[in-house]
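The values are calculated or read from the model by the stated rules, or taken from the named source; none is laboratory data. Keep in mind it's a predicted model, so treat the numbers as computed, not measured. With ideal geometry, Cβ positions are generated from the backbone for all residues, glycine too; neighbour counts draw on all protein chains shown. Areas reflect the complete protein model, heavy atoms only, side chains present, ligands, DNA and RNA absent. Shrake-Rupley method; radii C 1.70, N 1.55, O 1.52, S 1.80 Å.
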Amino acid sequence: FTSPYPKDFTDDVLEVIAEHDNICKGMHLPAQSGSDAVLNTMRRGYTRQAYLDLVARARSIIGPELELSSDFIAGFSGETEADHEQTMTLLEEVRFTQAYMYAYSERERTRAYHKLTDDVPHETKMRRLREVVDTFQRTARDLATEELGKEYTVLVEGPSRRDPSVMQGKTSGLR
């Protein structure tokens, strides 16, 4: 999956991931927002609670080596401060290891462009994006700190671009 909807991760798929050592234990679950109102406006087809339930099931089935990445959009049409706060608490609760975070911008070929008003001021979008990024970085740093001193099997990819005398690679969680 390159960017699956959370509904694509059935228990059968999660069990296959858990059972096979040659399948990475990193999953990309695009949340987009932590607010049911915004998710509904985006027509995402799931709620915050359904997303959290999937995360809990995935962690239960796959285990502690599961690492999650996600996408977040700050300042989507109609997003209120309360909606934004729900995204912040989702970041805190789930604790992602990677995230792709953007301020909302209209795209001509989308339903939002034709049907919704881009009513969140640019300055507000930028502030909210900074808060999302800061919260993600803090929680990801906390997760990384918890991993210090642990040993992992790593797939070696080759010499580091920064220092060719050092090898680089990835864990099964894609870290």
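Excluding same-chain neighbours fewer than eight residues apart, the aspartates and glutamates reachable from LYS7 by a Cα-Cα span under 17 Å are GLU15, ASP36, ASP53, ASP71. When Lys and Arg each count +1 and Asp and Glu each count -1, what net charge do the other residues less than 15 Å away from GLU67, Cβ to Cβ, add up to? With Lys, Arg at +1 and Asp, Glu at -1, the neighbours total +3. Here each label is just a point 7 Å from Cα along the line to Cβ, and for GLN168 and LEU143 those points are 1.9 nm apart.
Of all lysines in the structure, the ones whose alpha carbon falls short of 17 Å from that of LYS150, not counting any fewer than 8 places away in one chain, are LYS25, LYS170.
Under 5 Å from the amide H of GLN168 lie the amide H atoms of GLU157, GLY158, SER160, each residue being 5 or more positions distant or on a separate chain, with H modelled from the backbone and absent for Pro and chain starts.
If packing is taken as the average number of other Cβ atoms within 10 Å across a peptide's residues, how do 154-161, 44-51, 9-16 rank, most packed first?
44-51, 9-16, 154-161
Give me the net charge of ARG107's neighbourhood, meaning all other residues with Cβ under 15 Å from the Cβ of ARG107; Lys, Arg count +1, Asp, Glu -1.
Working: positive: ARG43, ARG109, ARG111, LYS115, LYS125; negative: ASP71, GLU106, GLU108, ASP118.
Overall, the nearby charge balance is +1.
Taking the Cα centre of the range 10-94 as origin, work out the dipole magnitude from +1 charges on Lys and Arg Cβ and -1 charges on Asp and Glu Cβ, in debye rounded to 20. If you can, show how the numbers build up before the last one.
On the way: 6 positive and 16 negative charges, 40 e Å.
Roughly 200 debye for the range 10-94.
Rolling a 1.4 angstrom probe over the range 24-175 with all protein chains present gives an accessible area of which 51% lies on carbon and sulfur atoms.
Shown in residue order for the range 26-38 are the 3J(HN,Hα) couplings computed by the Karplus curve 6.51 cos²θ - 1.76 cosθ + 1.60 at θ = phi - 60°: x, 10, 9, 10, x, 8, 6, 7, x, 9, 4, 4, 5 Hz (x for Gly and Pro). Per-residue ellipticity at 222 nm, computed for the chain from helices alone with -39500 (n - 2.57) per DSSP H run of at least four residues, works out to -13500 deg cm²/dmol. Close amide H partners of ASP71, meaning residues 5 or more places away or on another chain with modelled amide H under 5 Å apart, are ALA31, GLN32, TYR100.
Consider the candidate values (1) 71, 32, 32; (2) 50, 40, 30; (3) 51, 35, 30; state which one is Cα extents along the principal axes in Å computed from the structure displayed. Evaluating Cα extents along the principal axes in Å on these atoms matches (2).
Positive-end ranking of ALA31, THR87, GLY75 along the dipole of the range 24-87, with charges on Cβ about the Cα centre, is headed by ALA31. Look at the alpha carbon pairs under 8 Å that are at least 6 residues apart: their mean separation over the length of the range 1-74 gives a relative contact order of 42 percent.
Once the 1.4 Å probe is applied to the protein heavy atoms, the range 27-175 comes out at 59 Å² accessible per residue.
Within the chain, DSSP assigns beta bridges of which about 30% are antiparallel (rounded to the nearest 5).
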